[in-house]
Amino acid sequence: MSTALRALALGRPIVVVTAGGPGPRAELVLAAERATAHAVAFLVRHGAGFLRVALSDDDADRLDLPVMYPPGSRGAPERDCVAVDAAHGTTTGISAADRARTISLLAAPTSTPRDFTRPGHVIPVRAAADPTGGTLPAALALASRAGLRPVVASCALVSSSDPVLLAGPREAREFAARTGLAVVHAAGPLRAADVLATASLRT
């Protein structure tokens, strides 16, 4: 556990695996306030490319991030919001550098709705920091335990053996071993997490 928390605090991705939902999921997770172009490029290169940023309802309300559908789904564990880009300091919004800036702004406590344009290339997600509630809620809980704001960037890990599929738990562990990332199994309470390897970012 301490390995994963140190990795998040240092701005390095980790792998979060959960068996919740329709099937096992493995996602690359990055603390949003530590996002860099290099780290975001790593997520995009090894992930499905659909980059989401999980944050609390309070932060989403402060930044005026409405749920795409349905509007009254506040109680759902994960609710995608209208996509955003940083309003200033970016070009098209799609590059790793542009998305890193958008992600960092979503995590900044001083950001306001005027700091974003809509629609954009980063999907904010309203999620509760519940370590037993799925990949994104578990990741938010990890960020809080690392002493960071509970805002994380996430991208589903792609299978190394078949790039048209997503990675399962076994492939996630193998990927972590190859790249030196920490793995957290969040199918149950995070105190039972299985952390593998020394967290590092190798591309």
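Percent of Cα pairs in segment 149-188 per distance bin of 5 Å, from zero to the largest separation: 6, 20, 26, 26, 15, 6, 1, 0. The radius of gyration of the Cα set in segment 72-166, together with its Dmax, comes out at 14.6, 43 angstrom. How many percent of the accessible area of segment 97-153 is carbon or sulfur, using a 1.4 Å probe? Ligands and nucleic acids excluded, carbon and sulfur give 53 percent.
Of the peptides 40-51, 92-103, the order by per-residue mean of other Cβ atoms within 10 Å, starting with the highest, comes out as 92-103, 40-51. Contact order for segment 80-168, expressed relative to its length and based on alpha carbon pairs under 8 Å spaced 6+ residues apart, stands at 24 percent.
Considering only alpha-carbon pairs that sit under 8 angstrom and 6 or more positions apart, the relative contact order computed for segment 3-55 is 29 percent.
The values are calculated or read from the model by the stated rules, or taken from the named source; none is laboratory data. Keep in mind that this is a model prediction, so the values were computed, not measured. Cβ atoms come from the backbone with ideal geometry, glycine included; neighbour counts cover every protein chain shown. Each accessible area value is taken on the protein alone, full model and side chains, heavy atoms only, with ligands, DNA and RNA left out. Shrake-Rupley method; radii C 1.70, N 1.55, O 1.52, S 1.80 Å.
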